[in-house]
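Some notes on the structure that comes next.
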């Protein structure tokens, strides 16, 4: 039987309800990011750069846009004869079928897919994080340490450690304890939701976890604690670099603002680590005579006649003359009319802001406007989230 | 549905753009911030659902092959149809004319599942609706339709364009080769529609009689035997035949009306996909009336200019009325005006280049 060294299973089924109206029609990994990407592009590009040739994408919530976006995986070099990208929604078998109950169950339900590829290692990642990571280094570490499982961790500020799944480790970075959002953290090593498992070992745990009716079938809550209880060798792999979970409106906005920092700790335009995206074709961006664009990212297809400062404009965004866009994230195909003020706002795709509208919170709070809305000067939204 | 075969004929390209076409064919010359000239014809073909495109290449077509790849961006990566680049099969001999190269690849025409052929050069910046051209070709019951445009550029002394004379029914009565164009002249766009079988028959006959030029030996020679219909193209199309006209026609794309007309109001113009990040405007950037493509990092001043993908304009640098092609690097304090820099040019720190009347070209990969 043919075998592979490793494959990736990418969890992309989450609804992302904390992204509010941005995910009313699409799954979280498909939410636009950084002017020309979707969130999932970052993990997919990591896979490409890490030389992984087989990726299973586990989908459940509103998969249509994601499906058509991924297609045959060509933008990420996954249109290959051997391997490539497979969309894996829940399915019916001989004995019926069911929705994915949790992250571990989602992988369990696709163990035929994994067995078919017969990998030695399985990389489990999720499609809602922004980071650039060569998973090879982690795999090397995993093999060298002879671990059953390796979990990528990031040192977070101690004050924020209570927001993450925290790994308590010994002096060789072996994980001895896992604390989900601990009130009093003993360590500041946060799980990045990036796991490498030995497939044979994991399969046994997934099968047992399935039998356990009290389990929530989740990697973080069930599989990892069970492995720790059994004294399996779980290793922490320390990742150094930028990583951001963009699961909330605030963090999504913050991640965009991080892109605009000078100098930035997370550059999109790194020639050695390009972020691949299912590019639509758009004309070059036009900046008019009276426009003023500073500290911003502007993608193709934009027509800018007004002032844009410290903001991200996605493709086909128009900013009319006399308008001011500041500290904002404007998603694709948004039309901003003339003499509009937009301050600290995320505007969803396809929304139209009519002439003269003022969208700004007096207390400088973040404002979200959903997709395909129409905002007139009368209906101007002034309240923050 | 009609089956249309697209032919892009580069055999008759003339070296009018000097340095810019020193190492590349005209069709692959960058244009409009992120395109190459051939993209416009390719996209016009796409709009009429051409399923097979042949590019008759003469020389200097490496960058063209790199740009077109498998034709995927123009939906031409098909199993049996798709994109074909057909160079001369006698590279050591001087080519006698486009018909010879057509004849050398006659099998390509014979095999194509198509009844109609469009032949066009690779450097026209325009949006021709070939659906309408073919419709008129058929309703006129024409054997050959010849596209022409009334000259609207500045008068030129050099004899550079072929001119059509038409009767009141729009039938082509004469063709004059290499005339000096002035306003209103019917300039032949070297773009034709013809039935495939007729084309094959005519090619064979010409080769038998040692005739090798499509316009002269197929079109002009048959004006009395065949119905050769004129089609006046009235859309926007700059006449590009010199560095000045190349520079000026790029600058015309800074007119929002032309921009909208080309890119927003009708079918798209496709080009090679690159995975460049969105353009980055630094806090110190001052950009006005310019096209700035993806992958650019702008820290300095850019006015009335076309900036291609991956260009860096550093702090304190000033770019005015210029065209900066891919991956150009304008270093701190440099000042350039009325300049065309080819790909990967570096203008070093505090360097000043200003051209008065004619744009100056800085050749590919030069560090100035």
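Read the figures in this text as sums done on the coordinates, not as results from a lab. Keep in mind that this is a model prediction, so the values were computed, not measured. Cβ coordinates were reconstructed from backbone atoms using ideal geometry, including for glycine residues, and neighbour counts include every protein chain displayed.
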(Q) Could you tell me the relative contact order of segment A:252-372? Use alpha-carbon pairs under 8 Å, at least six residues apart, and round to a whole percent. (A) 15 percent
(Q) For chain A, give me the percentage of DSSP beta bridges that are antiparallel, rounded to the nearest 5 percent. (A) 30 percent
Q | Helical mean residue ellipticity (222 nm; -39500 (n - 2.57) per DSSP H run of 4+; nearest 500) of chain B | A | -5500 deg cm²/dmol
Q) Given a Förster distance of 41 angstrom, what is the FRET efficiency for residue A:373 paired with residue B:65, based on the Cβ-Cβ distance and rounded to 0.05? A) 0.35
Q. Of the listed peptides B:152-162, A:13-23, what is their order by residue-averaged count of other C-beta atoms within 10 Å, with the highest listed first?
A. A:13-23, B:152-162
Q. In what order do B:226, B:254 fall by count of nearby beta-carbon atoms within 10 Å, going from fewest to most?
A. B:226, B:254
Q: Sticking with the crude label model, points 7 Å out along Cα→Cβ, report the distance from residue B:178 to residue B:165 in nm, one decimal please.
A: 2.0 nm
Q: Can you tell me the order of A:325-331, B:297-303 when each peptide is scored by its average per-residue count of other Cβ atoms within 10 angstrom, highest first?
A: A:325-331, B:297-303
Q) Taking only C-alpha pairs under 8 Å that are 6+ residues apart, what is the relative contact order of chain A in percent? A) 14 percent
Q. Between residue A:257 and residue A:64, what length comes free when the chain is fully extended (0.36 nm per residue of separation minus the Cα-Cα distance, one decimal in nm)?
A. 66.6 nm
(Q) Just to confirm the number: angle between the C-alpha axis of helix B:130-139 and the first principal axis of chain B, 0 to 90 degrees, nearest 10? (A) 20 degrees
**Q.** For peptides A:227-236, B:192-201, A:315-324, B:168-177, sequence by mean Cβ density within 10 Å, most packed first
**A.** A:315-324, B:192-201, A:227-236, B:168-177
Q | Helix B:196-208 vs. chain B, principal-axis angle (Cα, 0 to 90°, nearest 10) | A | 80 degrees
Q. What average number of partner chain Cβ atoms lie no more than 10 Å from the Cβ of the residues making up B:270-277?
A. 6
**Q.** Cα-projected label distance for residue B:344 with residue A:213, points at 7 Å along beta-carbon direction, nm
**A.** 6.8 nm
Q. What's the average, rounded to a whole number, of partner chain beta-carbon atoms within 10 Å of each residue's beta-carbon in A:265-277?
A. 3
Q.
Can you compute the modelled spin-label distance between residue A:101 and residue B:367, with each label point 7 Å from Cα toward Cβ, in nm?
A. 6.5 nm
**Q.** Degrees, to the nearest 10: A:40-49 long Cα axis against longest axis of chain A
**A.** 60 degrees
Q.
With a cut-off of 8 Å between alpha carbons and a minimum separation of six or more residues, what is the relative contact order of chain B in percent?
A. 15 percent
Q: Let me know the mean shielding of B:289-300 by other chains, meaning the per-residue number of their Cβ atoms within 10 Å of its Cβ.
A: 5
Q.
Report for chain B the percent antiparallel among DSSP-assigned beta bridges with both residues inside it, nearest 5.
A. 30 percent
